[in-house]
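Take a look at the structure set out below.
We did not get these values from a lab; they are worked out from the coordinates using the rules stated. Every value quoted in this text rests on a predicted model; they were computed, and no experiment measured them. Cβ: placed from backbone, ideal geometry, glycine included. Neighbour counts: every protein chain shown.
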């Protein structure tokens, strides 16, 4: 395997009006994604996961750090070259009601990426659109209809057809099933898994839902206040979480098993504001196992190898 | 006698496109101090059922076609608006999904809580302020003497939901209706709020009707559960029984389709198709088009909610 995506020490601070040093959304994130690998980024609101997705797509510019895609430094590309590169990297968004132009027919929506990148002629594009509709499980007669005629799940299928139209190498999916009901969510997750094997896609899959992430991802990165606090193979991370935050996050998920609640770790307080992050470990004010060094020093990530895969944790308990 | 008792409730909406039946023949009871879950997917009628109980349906487009709603033996549908105002907020309180839009941004939380209290109790403003601070402390707001003078925007999502809970409970109602109270919150904050509701239930002894789409929340929180699909209750039983032996194919499908921490990776079982919209519900059982167990009778005749209590289900071919 060769690396598809290499993210190195990425920072993003958004400027705020007035005093203060701005909002530290992403703070020193590094990871490496292999071809064909699905990486899940999980974390709560405001942890910086969406900003990270947008940095990877270069939809926002970083404060510092690099992203290499297929060996090429993305932030070094001129805008025309960047546009070319985006053929290989596509995005699916959370809200299928807001991400489709209400005045375009489904056929035109699905054909749009092909038109923008000058793929084929009108006739071949029409065939390709029908092929894509079959692939994502939309009826062929949908081409002449408008987005408002479809349910949330079907609209998400339209968005997925657009995302895979150019046969990208990487698909960044930002909460693609969060707005959907349970019975529809499983249909879309299955579709994403089918397309992954059919088209050889790699996903960077962003979600706040650990159960969803565990289901679809090979590797999971847990973010807290702009930092990856733990990253490792999905199975290992769930079986033996090493960071107290990961542990609390896993235990907080309500499982449909009556009588399980006794094991839950309930964290006190809220996530601190990224405008005014705590010193030392970002998690220390809420951590049930914090001790002296946690508030003073930022923990250095320590890496262990389990089953041939890297498991990284940034916590003083493990340094 | 049950605390809340609903019988044969049917609600329809009347729009330019004509009449649409939203909730059909819903009957259930909530006992004093009981926690009952009402689960279902978007558009199944669970919120409309809650709004009917609270008397908060939009009067211009909605109509209660038939049925009765009784709280503590009093028929709510026969009350005029003035009498209903006395019951609402006093004997029953409600919390909503979005704590930000449910609070008035231009008043302090103290003002809003005191308003809710003095509407139902004749207290001086000093007494009311004292009760409000005590209530805020009870719902786990730290430094309530200071928080009481803050505005909603100064609070985090979790704190706002605590304030909403304080407001709903300020008059110590016997019934709390919680409509997706943790859906907008992060999972660690959700855990805090659910723990709080359980604690308050023990402390104040009220019953809770919890409306949610999350079967995980129901399993950990409720004693009894009602499953709604396309405007009807299709299964009801105790929580243990529902998860151990679901009888309606929809309930089974919903439980199977949920990704779980404990389940292996790979393909998830799905329920094919989508929920029929209110104007397009099929003849017979509303689940017939998506059901793997359907037979000829299913598409002609509505299955009644049947079976020995506490486990009842509306299905001609129940799961064994």
Across A:189, A:201, A:210, the residue with the highest GNM fluctuation in chain A (Cα network, 10 Å cutoff) is A:189
Taking each residue in A:239-250, count the Cβ atoms of any other chain within 10 Å of its Cβ, then average. What number comes out? 1
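Across the residues of B:250-261, average count of Cβ atoms on other protein chains within 10 Å? If you can, show how the numbers build up before the last one.
On the way: counts 1, 0, 0, 3, 5, 2, 3, 9, 8, 13, 7, 11.
The shielding value for this peptide is 5.
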For the stretch B:156-196 and the stretch B:1-45, what is the centre-to-centre distance using only Cα atoms, to the nearest Å? 22
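Tell me the Kirkwood radius of the stretch B:248-320: reciprocal of the mean inverse pair distance over distinct alpha-carbon atoms, in Å.
Numbers: mean 1/r = 0.0729 Å⁻¹.
Evaluated over the stretch B:248-320, this radius sits at 13.7 Å.
What is the packing order of peptides A:42-52, A:71-81, taking the mean over residues of other C-beta atoms within 10 Å and listing the highest first?
Numbers: A:42-52: 23.2, A:71-81: 11.8.
Those peptides, ordered most packed to least, come out A:42-52, A:71-81.
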Sorted peptide list for B:232-242, B:53-63, criterion being average Cβ within 10 angstrom, highest first: B:232-242, B:53-63
Exercise: per-residue mean of other protein chain Cβ atoms within 10 Å, A:174-184: 5
0 to 90° range, to nearest 10: angle between helix B:187-204 axis and chain B longest Cα axis: 70
For the Cα atoms of chain A, what angle does the longest principal axis make with the long axis of helix A:122-136, in degrees from 0 to 90, nearest 10? 50
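At 222 nm, what helix-only mean residue ellipticity would chain B give, in deg cm²/dmol to the nearest 500, using -39500 (n - 2.57) for each DSSP H run of four or more? Don't skip to the answer; put the middle values down first.
Numbers: 11 runs with 101 residues, N = 320.
Mean residue ellipticity at 222 nm (helix-derived): -9000 deg cm²/dmol.
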Helix A:182-199 vs. chain A, principal-axis angle (Cα, 0 to 90°, nearest 10): 70
Relative packing of peptides A:22-35, B:153-166 - highest average C-beta neighbours within 10 Å first: B:153-166, A:22-35
Rg (one decimal) and Dmax (whole number) from the Cα set of the protein assembly as shown, in Å, equal 26.0, 78
